[in-house]
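What follows is calculated from the coordinates using simple rules that are stated; it is not laboratory data. Bear in mind the structure is a predicted one, so any value in this text is a computation, not a measurement. Because the Cβ atoms are built from the backbone with ideal geometry, glycine has one as well, and the counts that use them run over all protein chains shown.
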Amino acid sequence: MPETTAPSSVRIDPARLQAMMEAVSVFGGGADGAMTRLTLSAEDGQARDWLAAWFREHGFAGRVDAIGNQFGCLDLAGANAPVVMVGSHIDSQPNGGRFDGALGVISACEAILAVRESLAASGARAACNFVVANWTNEEGARFQPSLLGSSVFTGAADLAWALDRRDGTGISVGEALESIGYAGTDKVPVPAAYLELHIEGESFLEREGRRFGAFTRFWGAVKYRLAFLGRQAHTGPTPMAARHDALLAGAYVIADLKALAGGYGLDLHTSVGRMEIFPNSPNTVPSEVVLFIELRSGSQIILAEAEARLRASIEAAAARAEVGHEVRSIDRRVAGEMAPGLVRLAERASDVNGAPARHLDTIGGHDAISLAAVCPSIVMAVPSVGGVIHHPTEFTRPEDHAFGTQVLADMLLILANEGLSVIEMEKERP
């Protein structure tokens, strides 16, 4: 047989990439740019079906595991070769944007396709196999907690517990999976490395005129589902001093959280992004209010301090409003670092493309954070116009999407040519 040499370059197809992005945006997309594709909804099922058809058409073996994570597997190196996984998620926030998550899945498809084409043209064999991942319930909008599918995949969350998570109408994850036909049984092994391209969701890149970022560390989070329990009464005749207003207690905590964040400058973010009020009538004093509280920081010490102060605030608010309270769930995500070797590999690939990588922190959660517990992982970013995310005006320019996908493809080609040992070698490179 004639000798073959590993390809030295790979070129993505920007038009093909853009066409894929437009195709997936139909499912749940609104006329104003909005996207409502809640996980395991009918719209999510349609997008998953579209992705499954794309896998079949392009020679990827489709797989779905028990929590509904969707995979497209491409064997380029043989059954026993290491696996590099690339992906993100296609579920969205309600009235969110079209690029958060979906951009990463579409980029993974195009980058791997381009690498396969490059290897085929040279006759070279890859040192690894590739898998596209579409993770279930990354957003945590319909079911809590977020990163649910990737947490089950890595063993951080129990499958039975995850399948029993319920949305606001009482539907469980398991029931929702069955309803759209994505209650799978396939087993997909833990990869040797995981890469994820994302929109920045901030404006550092845009403000500085940069095209590409590599997240070097991820913030931790503490998420409370807190209930205040008061007494239902008429808002007309009931004297103010006789009321036991659960919503008033919630308001005290919300104000305290704002002040708490201010005490730590840029190192702590706090929020209450959702409340459930019962009976939710304008003429009735609320008897129950559930707050979805978040604390986020890159420091575990700050998170611990903030949580202690939150607990003190809860006690004080309940006493002040004369209501009861109960913490119904707590989810924690530790702060950490992305794999240094993959950060260096991202720098190497972005340098080749004439745009040095800008180091960033990721404050929001990503499935790569789950994967970081079991394999070298990284999230990379392309600019968001205006830093907008989780809003209908969320937008990443096609040329920026293409640039990030090109860098991703170059990273994958290096791994295909040089093998997974390059991650450790890059980490040690001066």
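So the values come out like this:
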| item | result |
| --- | --- |
| GNM top mover of 232, 46, 93 - the chain, alpha-carbon springs below 10 Å | 232 |
| Candidates per trypsin sites (Lys or Arg not before Pro) in segment 73-171, loop by DSSP, up to 15 other Cβ within 10 Å | 125 |
| Alpha carbon Rg of segment 80-123, scaled by the compact-globule rule 2.2 N^0.38 Å | 1.53 |
| Cα→Cβ-extended label distance, 7 Å offset, between residue 31 and residue 53, nm | 2.5 |
| Normalised alpha carbon radius of gyration of segment 342-430 [divisor 2.2 N^0.38 Å] | 1.18 |
| Residue 353 paired with residue 397, simple spin-label distance in nm, labels 7 Å along Cα-to-beta-carbon | 1.4 |
| Zero-based 5 Å bins, Cα pair distances in segment 220-333, whole percents | 2, 13, 23, 22, 16, 11, 7, 4, 2, 0 |
| Segment 14-71 shape via C-alpha gyration tensor axes, a/c threshold 1.5 | oblate |
| Antiparallel %, DSSP beta bridges [both residues in the chain], to 5 | 70 |
| Stokes-Einstein translational diffusion, segment 1-146 - Kirkwood Rh over all Cα pairs, 1.567 mPa s, 4 °C, in µm²/s | 81 |
| Segment 277-378 - convex hull of the alpha-carbon atoms, volume per residue in Å³ | 158 |
| Ascending count of other beta-carbon atoms within 10 Å, so fewest first, for 235, 270 | 235, 270 |
| Mean separation of Cα contacts under 8 Å (6+ apart) over length of segment 220-333, as relative contact order % | 46 |
| GNM result for the chain, Cα springs below 10 Å: residue of 378, 293, 277 fluctuating most strongly | 277 |
| Values of log10 I(q)/I(0), in the order q = 0.20 Å⁻¹, for segment 37-115 under a Debye, Cα-only, solvent-free model | -0.94 |
| Under-5 Å amide H pairs with residue 285, H placed in peptide plane, nonlocal only | 233, 234, 235 |
| Computed over the chain: relative contact order in percent, which uses C-alpha pairs under 8 Å that are six or more apart | 23 |
| Residues residue 158 and residue 240, FRET efficiency given R0 of 51 Å [Cβ-Cβ distance, rounded to 0.05] | 0.65 |
| Helical mean residue ellipticity (222 nm; -39500 (n - 2.57) per DSSP H run of 4+; nearest 500) of the chain | -11500 deg cm²/dmol |
| Near-label residues of segment 87-121 by backbone N, under 17 Å of a point 7 Å along Cα→Cβ of residue 9 | 114-121 |
| Distance between segment 378-430 and segment 182-211 - C-alpha centres, whole angstrom | 8 |
